[in-house]
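Comments concern the structure below.
The values are calculated or read from the model by the stated rules, or taken from the named source; none is laboratory data. Everything quoted here is computed from the prediction, not taken from an experiment. As a convention, Cβ positions derive from the backbone with ideal geometry for all residues, glycine included, and neighbour counts pool all protein chains shown. What goes into the accessible areas is simple: the full protein's heavy atoms, side chains included, and nothing from ligands, DNA or RNA. Shrake-Rupley method; radii C 1.70, N 1.55, O 1.52, S 1.80 Å.
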Amino acid sequence: MSTVAFIGLGNMGGPMAVNLVKEGFTVKAFDLSKQALSHVAEQGAIPAPSACAAAASADIVITMLPAGKHVRSLYIGQGDDKGLIDVVAQGTLLIDCSTIDAESARFVAEQAKIKGLEFIDAPVSGGTAGAAAGTLTFICGGSDNAFEQAQNVLNAMGANIFHAGGPGAGQVAKICNNMLLSVLMLGTSESIQMGIDHGLDPKVLSEIMKVSSGGNWTLDKYNPCPEVMENVPSSNGYQGGFMVDLMVKDLGLSQEAALLTNSSTPMGALARSLYVNHARQGNGQRDFSSIFEQFNKKG
């Protein structure tokens, strides 16, 4: 079984690394957080003193980082610090599962190619629950050869693996998806609240819309109205799930991408504005379905 270096062990990366251990991979892990590193070590991962130390003897490198600047500096290096592409062995497959701007993904892929290395941008969808359950969706950008090489390790962490196209394509597809998700969540929230304002039971209204032309993923899997659906953040004080701050980040990426191609995204722009305002009201660490509260407050 392959040796995997896993760098970035947060709410998503930690469970992903643990699933690789469970599937028999040797996992050499690193994170700046000693607590996060200790947790995966308790589950069988081998802690490394640095990202480069973890990657040096790995067959596959997987990273899960906050933003494009972190991905660039880790892979390419910064100042006197070497990047991962300078220390890994020839034949090592590089997979970045962060959600970042497509230009950063393409840049890292180009630099890796110069070194004779294959790089895949493979952002994920499915949230923390999917990371823990091993049912994530991976949206990949890279060469056909790299995508084929990545199948075994990605299947150990996910249920759906897509090849969106060349370098950067995974990132573009991911932000398109999340822009649509934000719009669906906003529309679902305002529709349910309008029904409540007219005296309707939100559970009944949700069931009606689920099987009608307004049906969508948020109604089926992630209802934003408290106590309508069990085991979702809205029925747990909007804790867990996908943070508002992360949705704001992804919507920012979507608008940057739209500017690059002069794409018209009025709904995405409005969604970003509404989520930014929601975050500024102290909701950044809550689940993104908490946007429902912006519609149920009386003036």
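Points worth noting:
Rundown of residues vs (1) part of a loop (DSSP other than H, G, I, E, B); (2) under 17 Å from the mean Cα position of the chain (by Cα), yes/no style:
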| position | (1), (2) |
| --- | --- |
| P15 | no, yes |
| G24 | yes, no |
| A53 | no, no |
| A58 | yes, no |
| L65 | yes, yes |
| I95 | no, yes |
| S98 | yes, yes |
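- Of the residues making up the range 249-262, not one is surrounded by 12 or more Cβ atoms within 10 Å (Cβ to Cβ), free of Cβ contacts under 8 Å to residues at least 12 places away in the same chain and of a type in the set (S, T, N, Q).
- Any chance L219 is over 21 Å from K69 (Cβ atoms), in contact with a Lys or Arg (Cβ under 7 Å, 6 or more places away or on another chain), in a helix (DSSP H, G or I) and free of Cβ contacts under 8 Å to residues at least 60 places away in the same chain: yes
- Condition met for Q43 (open to solvent by 30 Å² or more (accessible area, probe 1.4 Å), free of Cβ contacts under 8 Å to residues at least 12 places away in the same chain and either of a type in the set (S, T, N, Q) or in contact with a helix residue (DSSP H, G or I) (Cβ under 7 Å, 6 or more places away or on another chain) (or both)): no
- One residue from G284, G241 being at pLDDT below 95 and in contact with a strand residue (DSSP E or B) (Cβ under 7 Å, 6 or more places away or on another chain): G241
- Check on S50, open to solvent by 30 Å² or more (accessible area, probe 1.4 Å), within 23 Å of I139 (Cβ to Cβ), touching a strand residue (DSSP E or B) at 6+ places or on another chain (Cβ under 8 Å) and small (G, A, S): no
- If you go through the range 5-32 and pick out every residue that is among the aliphatic types (A, V, I, L, M), open to solvent by 30 Å² or more (accessible area, probe 1.4 Å) and touching a residue at least 24 places away in the same chain (Cβ under 8 Å), you end up with 2.
- Index of the failed condition, K174 passing every other in (1) of a type in the set (D, E, K, R); (2) open to solvent by less than 30 Å² (accessible area, probe 1.4 Å); (3) closer than 22 Å to Y238 by Cα: (3)
- Residue among S182, S212, S191 that is over 30 Å from L253 (Cα atoms), polar (S, T, N, Q) and either in contact with a strand residue (DSSP E or B) (Cβ under 7 Å, 6 or more places away or on another chain) or modelled with pLDDT of 95 or more (or both): S212
- If you go through the range 138-156 and pick out every residue that is more than 26 Å from E110 (Cβ to Cβ) and either surrounded by 15 or more Cβ atoms within 10 Å (Cβ to Cβ) or among the hydroxyl-bearing types (S, T, Y) (or both), you end up with 1.
- Helices (runs of 4 or more DSSP H) fully within the range 105-206 that include at least 3 residues being free of Cβ contacts under 8 Å to residues at least 24 places away in the same chain: 144-155, 169-197.
- If you filter the range 89-104 down to residues that are hydrophobic (A, V, I, L, M, F, W, C) and without any contact (Cβ under 8 Å) to a residue 40 or more places away in the chain, you find that the one that is nearest to F147 (Cα to Cα) is L94.
- Residue match in the range 212-225 (condition: open to solvent by less than 40 Å² (accessible area, probe 1.4 Å) and more than 20 Å from A271 (Cα to Cα)): no
- Odd one out for V228 among (1) open to solvent by 50 Å² or more (accessible area, probe 1.4 Å); (2) assigned to a loop (DSSP other than H, G, I, E, B); (3) in contact (Cβ under 8 Å) with a residue 12 or more places away in the chain; (4) not polar (S, T, N, Q): (1)
- The set of residues in the range 117-137 that are farther than 24 Å from D250 by Cβ and open to solvent by 50 Å² or more (accessible area, probe 1.4 Å) contains only E118.
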